[in-house]
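Student: Would you mind keeping the following structure in view while I ask a few things?
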Amino acid sequence: MRITSENSESPQVVELCAEQQAELAWRQRDVVDDTPKHLDPRISFLLMRSDELAVGCVGLQPLEPGVGEVKRMYVRPGHRGRGLSRTLLAEVEKLAAERGMHTLRLETGRLFEEAIGLYTSAGYASIPRFGDYADCAESVCFEKRL
């Protein structure tokens, strides 16, 4: 596996994020919106490849001085169960620390037990919903001091 830095316009990042959104919509029984989603240009991505195939990604978005948000963490279904999400999470934490961030926050859906298990086992603690998630009853939020 190889991890590279990418921007939000990388075709492989856009493809993985679209797959993630479709899976989230399906899992939450929402209608899938095929409209391409705009990725915030402030998000820095890490892209994981196996040979040349993009298998996963994670983004880091600055929120305020010293604080960032983990965004768009996704591993393709055929590559799950191998610890790749844990590797991506550790790498985005390193990137955040290199950029002077002391705290990372993230949001996931309350029904995504696998994600919640990953985050809590990696040292993230539950916090009140923040930002755009404040009024979303389906969201759960976490934070970790680096």
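Student: Between Arg82 and Trp26, 0.36 nm times their residue separation minus their Cα-Cα distance comes to what?
Tutor: Values: separation 56, 0.36 × 56 = 20.16 nm, distance 2.31 nm.
Value of the extension gain: 17.8 nm.
Student: Ok, one more. Given axes a ≥ b ≥ c from the Cα gyration tensor, I'd like to know whether region 94-136 is rounded (a/c under 1.5), prolate (a/b larger than b/c) or oblate.
Tutor: Values: a/c = 2.55, a/b = 1.34, b/c = 1.90.
Taking the square roots of the gyration eigenvalues as a ≥ b ≥ c, region 94-136 is oblate.
Student: Between Ser50 and Thr120, how high is the FRET efficiency from 1/(1 + (r/R0)^6) when r is the Cβ-Cβ distance and R₀ = 22 Å? Nearest 0.05.
Tutor: On the way: r = 27 Å, r/R0 = 1.23.
The computed FRET efficiency comes out at 0.20.
Student: Then there's this: When the chain is fully extended, how far beyond the present Cα-Cα distance does Phe112 get from Glu98, taking 0.36 nm per residue of separation?
Tutor: Values: separation 14, 0.36 × 14 = 5.04 nm, distance 2.92 nm.
Once the chain is fully extended between Phe112 and Glu98, it gains 2.1 nm.
Student: May I pose another question? So what is the calculated 222 nm ellipticity per residue for the chain, using -39500 (n - 2.57) for each DSSP H run with n of 4 or more, over all residues, to the nearest 500 deg cm²/dmol? Don't skip to the end; give the middle numbers.
Tutor: Values: 3 runs with 41 residues, N = 146.
Computed ellipticity for the chain at 222 nm equals -9000 deg cm²/dmol.
Each value in this text was obtained by applying a stated rule to the coordinates, not by laboratory testing. Note that the structure is predicted; figures quoted are calculated from it, not measured. Counting neighbours? That spans all protein chains shown, and the Cβs are built from the backbone with ideal geometry, glycine included.
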